[in-house]
Amino acid sequence: MTRANPTEQWDVFISYAREDYIQAKDLQDALGDYVTARGAAPKIYLDVSRTSGTPLGADWQSFLEEALPRSRHVVALYSRTYFDKDVCQWELHEAHKLNPPEGGRLIPLLIDPAAREKVPYVVHRINWISASRPRWIDEVAKALGLRTAETRTVLRFGAPPADTVAGHTLPPVTVTGSAPGGASPWPAGGVITIGTEPEDADLTGTLTVEVARDRAVFTDLAFGRSASGVRLVATAPGCDPVTSEPFEVRAREKQSAWQHTDDRPALPSRGHPVFFPGGLGLLVRDGRTLTVHSEAYEAVGSAELRDRPRLWAYGERCLAVADWSGRTVLAAPDGRIRAVDLPAWPGARFSVPGALAFGADDVLYIGTWSGTVWRLSLGAERPERVLEHRRGVQVLADNGGGLLVGGLDGGLTVYRGGRVAAEHPLEPVLLAMARVEDFALVAGEQRIHRLDLLGERLLQVDQPIRAITGTLPGGELTAVIDADGQGVCFDVELAVRYGFRGVPGVRPVAAGLGGRLLVLENPDGSHALVRDGRTTYVSEHPMTVSADGSRAAVSDGERLLIVPPGELGGTAPARGGRA
């Protein structure tokens, strides 16, 4: 049995006798000249209609039973034949039961004056509209909440889209609407949707945007592949589609076209680069091998991981990485490097690190799922146990004389002098924590939490996106991203500064200029550079940026090239400006 779609709803259900089909079809056609309050053509249920009636092969009685209560209005065509039909009587009584006390859902239309005497007592007090009156169709439309289609909104594109590069974010695309006679072009909650010609042009981003101030602005559109003669197509309920001027989507440039010069260092490495916090020197991961390259980009030290990297952390000059086995590597740009294996708690085969955090003088703190917090420095041979947090460690931060520990129970504990100073309940899944100014920011699965470290006041707001799969504190801004590739960056006031869009499964791996430059790693291994929410460069190979935003390291598959980020498309954002 075919069932009606539970999410589907009709604006009008026409109840009629089979002998009155011509009048019912004329009514359906006449109402097609009107639009709903949202500017869309009304959806009208006429049981024998090929497009809006009972589907072929469906049990018509079951379909009627489901369609009638999900129709906003029922128009009953009163005729002498209508009141002789059992099905019509059933539809009329069901519509009467659904009619609210103030009325308005059941709208009788008298198409045969001789039918007056046959109107049942139960609906006799509901006024009908007589089809013999002049402009009776306007009365029906008004009762149904419809308006004339002459006031429909006309869509227009703003500035025409310029040629772009596959994977790069288009400049903001604006679609405006206007209505004749000074009428309001949009009802509350109106939306515009963007598509393409041809339809398979691989457009990604937020494709449906709510109208604000008579326009919709699309800020994260991008094309997944090159194409020629592409047009954007804007549609909205009740509006004719509008197309943009054609433009080109070019293929990405090959990095191998770059030439080595004295002011553009090149490292003979195919690995994943990570800048040291000072912006000079790199740690390059090639498989499980970590190699330190000095400020002169010469190899000066190395260490081996035992497993896949799990966590990264940045200090004043040093950086650290921990893998899933518990091996932790602490490195400095001068080549000093320390690799340690965290002792496992009794009965365990290895110790899983839950969080890394740097304190003063580049002292590294390592918190484990088992609850042990270790301290490691470049001058120490072995890690030192400093704390046992029995509820395990999810996130960790230095508190200038103490530690902040987010446990596996979802609570945040403030330690001072090795003792518990305060506890705050947060939520079960904590994803990242960073200290920014006098605040600790904790990104949870459901909320963002800000703890005032001076007054111990806790502020919590809902996450602006759901199903978060990646987080990256960037200093001034913290980035979070979901499984579909939708991301936002928020500041210490928990205000969203900008949004960005990547492909599904993307994750943030590096940040510069306080978080206004982001590097995203795609599931296929390619990397994208995002500036103030716009993707301006995509590399098929690994890429990173320095924390101060002055350098980028990009692989061409054979070597790592150090270039100014301004050469990677777009203009570097100004330091301190608003996104």
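Please treat every number below as a calculation from the coordinates, not as lab data. Since we're looking at a predicted model, the values are computed, not measured. So basically every Cβ, Gly included, is an ideal-geometry build from the backbone, and we count neighbours across all protein chains shown.
Efficiency by 1/(1 + (r/R0)^6): what FRET value for GLU456 and VAL191, r their Cβ-Cβ distance, R0 = 41 Å, to the nearest 0.05?
Values: r = 44 Å, r/R0 = 1.06.
After rounding, the FRET efficiency stands at 0.40.
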Where labels lie 7 Å past Cα in the beta-carbon direction, separation of GLN9 and HIS124 in nm: 3.4 nm
Among CYS489, HIS424, LEU472 - extreme Cα towards positive end, dipole of region 357-500, charges at beta-carbon: HIS424
Estimated [θ] at 222 nm from DSSP helical runs (n ≥ 4, -39500 (n - 2.57)) normalised by residues in the chain, nearest 500: -2000 deg cm²/dmol
In nm, spacing of pseudo-spin labels at ALA467 and SER132 (7 Å Cα→C-beta vector): 6.0 nm
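Using a Förster radius of 51 Å, what is the FRET efficiency between LYS43 and ASP524 based on their Cβ-Cβ separation? Nearest 0.05, please. Write out the running numbers ahead of the final one.
Values: r = 42 Å, r/R0 = 0.82.
So, using R0 = 51 Å, E works out to roughly 0.75.
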Theoretical gain in end-to-end length, ARG215 to SER228 [0.36 nm per residue, Cα-Cα removed]: 1.9 nm
Separation of the GLU437 and ARG416 label points, Cα + 7 Å toward Cβ, nm: 2.2 nm
At 0.890 mPa s and 25 °C, Stokes diffusion of the chain via Kirkwood alpha-carbon radius, µm² per second: 86 µm²/s
Stretchable slack from GLU199 to GLU19, in nm (0.36 nm times residue separation minus alpha-carbon distance): 60.4 nm
Spatially near lysine pairs across the chain, Cα under 23 Å, sequence gap of 8 or more or different chains: 9
Computed E for ASP84/SER62 - FRET, C-beta separation, R0 25 angstrom, nearest 0.05: 0.60
Centroid-to-centroid separation of region 125-168 and region 368-417 [C-alpha atoms, Å]: 62 Å
Summed side-chain charge close to ASP323 - residues other than ASP323 whose Cβ falls under 12 Å, Lys, Arg +1, Asp, Glu -1: +3
Rg and Dmax of region 487-575, Cα atoms only, in Å: 12.5, 43
